[in-house]
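A short reminder: the numbers here are calculations on the coordinates, not readings from a lab. Computed from a predicted structure; not experimentally measured. Quick reminder, even Gly has a Cβ in these numbers, built from the backbone with ideal geometry, and neighbours come from all protein chains shown.
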Amino acid sequence: MVDINCRGVIFKDIQAIIFDKDGTLEDSQEDLRNLGQKCSRLIDAKIPGIGEPLLMAFGIDGNNINPTGLMAVGSRRENEIAAAAYVAETGRGWLESLNIVQEAFAEADQILLQSNPGSLFEGSLEVLKYLSQASIKLGILSADSTIAVQDFVKYYQLNDYIQLEMGVDNGWSKPQPELFLQACQKLGVKPVRTLMVGDSPVDIEMGRKAGAAGCIGICWGKPEAKHLQSADVAIAQLEEIKII
């Protein structure tokens, strides 16, 4: 166990750190924005007039994506259900609405098909190495699918440092604490010895409800971000996680 210092906030006797992926380790905002925009256009082609409301629901405004919005923090399933609810408001049945949305997401995936994950934030690899060398167990718990997490770890050759690759598939979604508890169980550590690091309020809320040792919010370059006020401490880069 080690003590961690983040901007003067001390977390004692830490055995593990669990990281969110999108917005924390992976710079994926552009990809998520493109996905939301493409889905909205595809659905609007079938149901004219629904595109703009969908963009608002996804948290997309022009070239900007709300870091607390649905597309940024929600699972694929949550985004599909939210979009299907808008479609259903046009008088279509629920199954038809859900089918329209799922087809749009699948088509958007094919159109935007990328061979590689989003960029790894600068300095992240070095921090993971640094923490791993101190015998801290490291894991990724993402609202993305488990396959996407595995692809991310494999592409950036993080297997030597990451001991847990966990996404949201068909079960719980953030901020349900069961996700964090399950991740800790898989890592073989107790929540009170585990830190949660994420860029979203749902990461912080999940960690708190699960009894994490602490919750570190990250907003690259902007640690004063209002949506991270509930974190024990907010940082601007992962290098601020220091072992004492």
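One table, with the values for the structure above:
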item	result
Inter-centroid distance (Cα atoms) of region 58-77 relative to region 184-229, Å	20 Å
FRET E, pair Glu122, Asp160, Förster distance 22 Å, beta-carbon r, rounded to 0.05	0.65
Calculated Rg and Dmax of region 29-111 using C-alpha coordinates, Å	11.4, 33
Tilt relative to the chain, helix 177-187 - C-alpha long axis, 0 to 90 degrees, to 10	50 degrees
Cα-based helix-to-principal-axis angle, 146-155 vs the chain, degrees rounded to 10	60 degrees
From phi via Karplus (6.51, -1.76, 1.60), per-residue ³J(HN,Hα) for region 192-204 in Hz, x at Gly/Pro	6, 10, 10, 9, 10, 10, x, 9, 10, x, 5, 5, 5
Most mobile listed residue (Leu35, Leu131, Leu112) in the chain, GNM with C-alpha springs under 10 Å	Leu112
Residue-averaged 222 nm ellipticity for the chain, from DSSP H runs of 4+ at -39500 (n - 2.57), nearest 500	-12500 deg cm²/dmol
Extension gain, Ala45 back to Val192 (0.36 nm per residue minus Cα-Cα distance, nm)	47.9 nm
Gly167 long-range amide H proximity, modeled H, under 5 Å	Ser142, Thr146
Candidates Ala84, Ala16, Ala106: whichever shows maximal mean-square fluctuation once the chain is modelled as a Gaussian network with Cα springs under 10 Å	Ala106
Hz values of 3J(HN,Hα) by residue in region 85-97 - Karplus curve (6.51, -1.76, 1.60), Gly and Pro given as x	5, 5, 5, 5, 5, 7, x, 7, x, 5, 4, 5, 4
Rounded to whole Hz, the Karplus (6.51, -1.76, 1.60) HN-Hα couplings of region 158-169, x for glycine and proline	9, 4, 6, 10, 8, 9, 9, 10, 10, x, 9, 10
